Amino acid sequence: MDWLKRIRPSGPASTNSNRSSAVPEGLWKKCPKCAAPLYRPELERNQDVCPKCGHHMRIGARRRLDIFLDEQGREEIGADIVAIDRLRFKDVKKYKDRLTDAQKKTGEKDA
């Protein structure tokens, strides 16, 4: 046991194994192509393109609309339309269940 104390001294750093991180969750994103850590606000300013390798990240429909359109003067048409299953389509999973899962995942009425 004496040799272990020489290699790894005892102290607050060695005894505190469940430290909390001071960095907030979601502040950094890893590029899937070059594996570079990217600062999320900088990535958003660069329109979700990796500044190191030029890889275009996947973005959602709302983010794409925010990039393409001006904030003032735009209005959404058909925001109250909800998708329904008139044909009662069945697959491995019911279409109605697929719709509700997609609506929960995206937060949109139309999947």
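Every number in this text was worked out from the coordinates using simple rules, so none of it is lab data. Since this is a predicted model, take the numbers as computed values, not measurements. No Cβ is skipped: glycine too gets one built from the backbone with ideal geometry, and neighbour counts run over all protein chains shown.
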Residues of segment 59-78 being closer than 13 Å to Gln47 by Cβ and assigned to a loop (DSSP other than H, G, I, E, B), in sequence order, are Ile59
Restricted to segment 81-99 and to residues being surrounded by 13 or more Cβ atoms within 10 Å (Cβ to Cβ) and free of Cβ contacts under 8 Å to residues at least 12 places away in the same chain, the residue farthest from Arg62 (Cα to Cα) is Lys94
So, first residue loosely packed, with under 15 Cβ neighbours inside 10 Å in segment 42-55, second residue among the aliphatic types (A, V, I, L, M), Cβ within less than 6 Å, six or more apart or across chains; the pairs are Gln47/Ile67; Lys52/Ala36
